[in-house]
Amino acid sequence: MAAAIIDGKAVAADLRTTLAENVSKFVERTNVQPHLAALLVGEDPASAVYVRNKQRACDKAGIRSTLHRLPAEITEEGLLALIKQLNKDPTVHGILVQLPLPGHIKEQVVLDAVTPLKDVDCFHPENVGLMVQGRPRFLPCTPHGVQQLLLTSGTQVAGAHAVVLGRSEIVGKPMAMMLVQRGEAANATVTVCHSRTAGLAEITRQADIIVAAIGKPRFVTADMVKPGAVIIDVGINRVDDKLVGDVDYEPVAEVASAITPVPGGVGPMTIAMLLQNTLTAAQLSVGMTS
Ligand code: GUN
């Protein structure tokens with residue numbers, strides 16, 4: 001039997017409707033409009049599309065967004081100076097530095113410079129630390145989006161064996177942490193696999209849930225999947241001008257019980273969670289705690 005399709009686009013649209021209502025209530029109560037400042041360095045076309053989508057989603061949710069377009073040749077000092085200014089600007093609640101940055105700029109230095117209270121990507125070590133300790137200020141957008149999909153699809157996560165493919169700071173590592181924690185769509189037994197994992201397919205075949213975030217097109221094949229497993233595909237790879245995930249979709253969908261498509265799966269959820277974090281940042285700025 002073919003898998004159920006987990007429609008991230010629809011779930012994200014629902015979340016954004018609720019969020020827009022919450023933004024509007026917040027504005028009514030405080031007269032403060034949540035405001036996201038996005039920094040786009042250089043001309044990477046994919047990054048430009050992502051940032052545009054984030055800005056559009058902000059507009060629709062009643063969140064102000066400002067785009068700072070910076071030349072690829074900007075110095076690290078120049079970028080840090082702008083971040084410092086945005087950190088201090090009381091009208092800005094969230095700061096998003098779109099990655100990747102050009103090679104001459106040290107990503108870690110730049111991301112560490114964003115004040116933790118405006119760190120809507122949840123990349124700052126203080127926010128990562130709070131998340132790991134189970135008392136999050138913000139949750140990282142993509143892993144949080146994945147959790148929401150597991151929740152709305154009715155996937156049994158507690159007690160399940162979740163295999164996370166990939167150990168990136170943005171997805172794999174925080175994803176594993178969040179699935180293992182106490183809480184909703186959590187309490188899983190988690191295995192993290194990566195490029196140096198031995199016997200990968202044997203491990204994935206034991207998974208009740210697979211989260212694929214390795215950045216290799218169609219890497220997860222049907223023979224790697226246990227019948228009935230739930231498959232979450234975080235990959236966005238461009239192959240012959242087509243977007244494909246990290247999962248070999250059609251054959252895997254024959255084996256799995258539920259699967260996210262690419263596009264229209266995790267991607268829209270990442271944006272919805274970013275909006276949520278921006279509202280949280282605005283709430284924090286007026287002394288409201290969530
Ligand atoms: N580049 C790819 N994914 C992301 C993300 O989640 N946040 C930012 N800022 N840049 C990215």
Only one of Thr260, Thr221 that is polar (S, T, N, Q), touching an Asp or Glu at 6+ places or on another chain (Cβ under 9 Å) and surrounded by 22 or more Cβ atoms within 10 Å (Cβ to Cβ): Thr260
List the strands (runs of 3 or more DSSP E) that sit entirely inside segment 181-290 and contain at least 1 residues that are over 19 Å from the mean Cα position of the chain (by Cα). 189-193, 237-239, 242-244
Qualifying residue in segment 236-256 (condition: surrounded by fewer than 24 Cβ atoms within 10 Å (Cβ to Cβ) and over 20 Å from Pro217 (Cβ atoms)): no
Counting only residues in segment 39-53 that are within 11 Å of the ligand (Cβ to nearest atom) and among the small types (Gly, Ala, Ser), the one surrounded by the most Cβ atoms within 10 Å (Cβ to Cβ) is identified as Ser47
Elements of type helices (runs of 4 or more DSSP H) in segment 1-93, at least 2 residues being under 19 Å from the mean Cα position of the chain (by Cα), closer than 30 Å to Gly154 by Cβ and not aliphatic (A, V, I, L, M): 8-30, 45-61
In segment 98-118, the residues that are within 15 Å of the ligand (Cβ to nearest atom) and touching a residue at least 60 places away in the same chain (Cβ under 8 Å): Gln98, Leu99, Leu101, Pro102, Ile105, Lys118
Checked pairs for segment 43-63, first at positive phi, second part of a helix (DSSP H, G or I) and away from the ligand (no atom under 13 Å from the Cβ), C-beta under 8 Å and 6 or more apart or across chains, list as Gly62/Ala20; Gly62/Val23; Gly62/Ser24; Gly62/Val27
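Coordinate-derived values only; no laboratory data. None of these values were measured; they are calculated from a predicted model. Here the Cβ is made from the backbone with ideal geometry for all residues, glycine too, and neighbour counts use every protein chain on show.
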